[in-house]
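Below: one structure, written as C-alpha cells.
The values are calculated or read from the model by the stated rules, or taken from the named source; none is laboratory data. Every value quoted in this text rests on a predicted model; they were computed, and no experiment measured them. Reconstructed Cβ throughout: ideal geometry from the backbone, glycine too, with neighbour counts over all protein chains shown.
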C-alpha cells in the first residue's frame, strides 16, 4: 500500500491547521453556517440530523493494522464506540463534536489518513475491486491506477468546484467487483498481446434520481494517455455541466443532453489538444507507486489442506465455504468478514471489533486489510494454515457470520436514523429482514442474493442495482417502501424494474417473502440463482404474487 512521503505529511499538517482556524471562526460566530458549510465539506464534515458526521477516506479500501487501530481509538474517544463503513470504502463517525474535529484530523494524520475530498463537489475517494492484487486473472493491480488517480485529483485546482460530486471506480478483471458501470467515470484495465496494457473508459453512469448505466467512450486507451484523457473529460464537464440545478448537474445528465457521439467528439478533441501541449505521463512516478503495491513475501506460507479442519468442525466448514474466495496463490484464501451479523446495523463495527481485526491481520495476514463497497471487511492474503485460528478470533468478537453474498448480507444507507436527506428508515428494515432470514433458516437454500436498501431517492444504498432493491420514501407522513427487481452492479450491469405500489414497513417483510417464494418454487435447480431466474421469467410472476387483487381484476 502507498506510504506517505514528507510532502504528504506536510500538506496534511497545513490543511489541518487551516481547518482548525475555520472551525474556531465558526464556533465564535465569525462564520455563519452557510459560510462554513463549503469549508467543512472540503474536509469531510457533514451536519446530520443529530450531530456532525466525519467521513474518513480509505483510499481504494486498503489499510493496515496501525490505521485500523487508529480508527478504533477515534471511535472510542470521539464517537460512541463504533464506526460505519460505507459503500465508497470509507468510514463514517456519526456523533462528532465540532470543536474536536481538528484533534481528530490530527490523529488521523499520525496514521497517514485524512478526510479530504470525501464530500463536496469534487472528485471523491477513488474506489476499486476489494480483491485487488489477490484475485487471479487481473490485467494489473487496479490499486496502482487508483493511487495515481488519488494523487492527480487531490487538491486539483480545476476540479475543486465541479458542477456536482464526481466518482471514479477502477477494475482490472472480467468479474466487475467495483461497479464501474454506475460511476461518473468507470475504468477497466485490460491487456492486449499487441497493444499492451490499457484502459476501457466508461462515462455517465450513476444512480440517484436518474439512474444510468455508463456509456463506453474508449474501448482501448493506451496506459500513458490516461491522465490527459481524464483531464479532457473533466474539462468538458466543468465547462458544459449544469450549475443551475443540482438535480441535473451530474455528468450523466450532460451525456444525455449531448448524446454519446457528440460527447465523445468534444472529449477526443480536448484530449488531442492537451496531449499536444502538455508533457506525457511521468512513467518513473508510476513505477515508484507500483513498488508500494508489491505482493507480500509469501515464503512463510505453506501448502495446507483445510479438509480435516472442515470435517472436524462443520461450523468452520460452512464459514469457509461461504466467506472465502480463491486466491491467486494456492497457499492462501481471500477472506471476507461479514459486518452483517443477523440483526446488526449493516456496515457498523465496534472499536473492540476493529482492534481485533487489526490484531488478526498483523499476526496472520501480512498486516493488510480491505474495506469492500458492500460494507464488509476483508483479509486479502490469508495463509490457509492460519485460517482456523482467524475464524476462532472472529467468533470471539461476533464477526463469524457465514453469510457473505447471501440474503442477509444487505447494503443499507444510514437512512432516517442519521441523514438529513432521508425520507425513510433503512437500517431498521435491514435488521428486521436479516432477523427474519435467520429465523426461517433458508438463506443457504435461497443462495446468492443481493438486497440493497436506500432511505431516499439519492440511492446511497444502491437499491437500483440490487437483485432486490428497496427504496424508502415518505407518503403522507408514512414510510412507504418501493421494490425493484433484477438490478445488477456486476459486469452484467442492469437497473432494477419497479414492481408497483410500495408497502408499509410491516407489509414489506411479507412482500419479500412472496418474492422469494416465487423464486424457490419456480427455479429449475439450486444452480439457477435468483438473478438468473429473474432474467428467465421476468417481472410478471413476482407482480402477480405481490399484487394478487390487481392481477385478478385484470
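Is there a residue being surrounded by fewer than 18 Cβ atoms within 10 Å (Cβ to Cβ) and out of contact with any helix residue (DSSP H, G or I) (no Cβ under 7 Å at 6 or more places or on another chain) anywhere in the range 227-238?
no
Could you please find all residues in the range 176-198 being more than 18 Å from the chain's Cα centre (by Cα), without any contact (Cβ under 8 Å) to a residue 40 or more places away in the chain and assigned to a strand (DSSP E or B)?
Those that are more than 18 Å from the chain's Cα centre (by Cα), without any contact (Cβ under 8 Å) to a residue 40 or more places away in the chain and assigned to a strand (DSSP E or B): 192, 196, 198.
Go through (1) surrounded by fewer than 21 Cβ atoms within 10 Å (Cβ to Cβ); (2) under 20 Å from residue 409 (Cα atoms) and name the single condition residue 474 misses.
(2)
Just to verify a result, which residue in the range 215-224, among those that are in contact (Cβ under 8 Å) with a residue 40 or more places away in the chain and crowded, with 18+ Cβ neighbours inside 10 Å, is farthest from residue 456 (Cα to Cα)?
It comes out as 217.
Can you confirm whether residue 263 is at pLDDT 95 or above and outside the structural domain of residue 152 (by TED's automatic domain parsing)? Don't jump to the end; show me each part of the working.
Details: at pLDDT 95 or above: yes; outside the structural domain of residue 152 (by TED's automatic domain parsing): no.
It is false that residue 263 is at pLDDT 95 or above and outside the structural domain of residue 152 (by TED's automatic domain parsing).
Filtering the range 37-92 down to residues that are at positive phi and in a helix (DSSP H, G or I), which residue is surrounded by the most Cβ atoms within 10 Å (Cβ to Cβ)?
The selected residue is 60.
Collect the residues in the range 23-58 that are free of Cβ contacts under 8 Å to residues at least 40 places away in the same chain, farther than 24 Å from residue 71 by Cα and in contact with a helix residue (DSSP H, G or I) (Cβ under 6 Å, 6 or more places away or on another chain), keeping them in residue-number order.
The answer is 31, 36.
Out of 360, 388, 406, report the one residue that is within 16 Å of residue 325 (Cβ to Cβ) and not assigned by TED's automatic domain parsing to the domain that holds residue 513.
Details: 360 fails: within 16 Å of residue 325 (Cβ to Cβ); 388 fails: within 16 Å of residue 325 (Cβ to Cβ).
Result of the check over 360, 388, 406: 406.
If you go through the range 338-357 one residue at a time, do you hit one that is on the phi > 0 side of the Ramachandran plot and in contact with a strand residue (DSSP E or B) (Cβ under 6 Å, 6 or more places away or on another chain)? Step through it out loud before you land on a result.
Start the filter on the range 338-357 by keeping residues that are on the phi > 0 side of the Ramachandran plot, which leaves 343, 347.
With the extra rule that they be in contact with a strand residue (DSSP E or B) (Cβ under 6 Å, 6 or more places away or on another chain), the set shrinks to 347.
Yes; the residues of the range 338-357 include at least one that is on the phi > 0 side of the Ramachandran plot and in contact with a strand residue (DSSP E or B) (Cβ under 6 Å, 6 or more places away or on another chain).
Output the number of residues of the range 504-517 satisfying the condition of being buried (at least 17 other Cβ atoms within 10 Å of the Cβ) and closer than 14 Å to residue 442 by Cα.
Matching residues across the range 504-517 total 3.
State all residues of the range 280-295 that are surrounded by fewer than 16 Cβ atoms within 10 Å (Cβ to Cβ), touching a residue at least 12 places away in the same chain (Cβ under 8 Å) and closer than 22 Å to residue 365 by Cβ; if no residue qualifies, say none.
292, 295
Does residue 505 fit the bill of being within 30 Å of residue 420 (Cα to Cα) and at pLDDT below 95?
Details: within 30 Å of residue 420 (Cα to Cα): yes; at pLDDT below 95: no.
Criteria not met by residue 505.
Identify, please: which residue in the range 336-356 is touching a helix residue (DSSP H, G or I) at 6+ places or on another chain (Cβ under 6 Å) and at pLDDT 95 or above and is, among those, surrounded by the fewest Cβ atoms within 10 Å (Cβ to Cβ)?
Ranking the candidates gives 342 first.
Could you run through the range 407-421 and say how many residues are surrounded by 24 or more Cβ atoms within 10 Å (Cβ to Cβ) and in a loop (DSSP other than H, G, I, E, B)?
6
Restricting to the range 139-158, and then to whatever is free of Cβ contacts under 8 Å to residues at least 60 places away in the same chain and part of a loop (DSSP other than H, G, I, E, B), can you tell me which residue is surrounded by the fewest Cβ atoms within 10 Å (Cβ to Cβ)?
So, considering only residues that are free of Cβ contacts under 8 Å to residues at least 60 places away in the same chain and part of a loop (DSSP other than H, G, I, E, B), the one surrounded by the fewest Cβ atoms within 10 Å (Cβ to Cβ) is 156.
Regarding residue 132, is this residue touching a helix residue (DSSP H, G or I) at 6+ places or on another chain (Cβ under 6 Å) and not in a loop (DSSP other than H, G, I, E, B)?
no
For residues that are over 21 Å from residue 137 (Cα atoms) and in contact with a helix residue (DSSP H, G or I) (Cβ under 6 Å, 6 or more places away or on another chain), tally how many sit in the range 183-201.
So the answer is 1.
Please state which one of 404, 453, 457 is within 25 Å of residue 490 (Cβ to Cβ), buried (at least 24 other Cβ atoms within 10 Å of the Cβ), touching a strand residue (DSSP E or B) at 6+ places or on another chain (Cβ under 8 Å) and touching a residue at least 24 places away in the same chain (Cβ under 8 Å).
453
Output yes when any residue across the range 477-493 is assigned to a helix (DSSP H, G or I), modelled with pLDDT of 95 or more, over 24 Å from the mean Cα position of the chain (by Cα) and outside the structural domain of residue 212 (by TED's automatic domain parsing), and no when none is. Can you show your working first?
Looking only at the range 477-493, we keep the residues that are assigned to a helix (DSSP H, G or I), and these are none.
No - not one qualifying residue is present in the range 477-493.
Looking at the range 528-544, which of its residues are assigned to a helix (DSSP H, G or I), touching a residue at least 24 places away in the same chain (Cβ under 8 Å) and under 15 Å from residue 448 (Cβ atoms)?
530, 531, 534, 535
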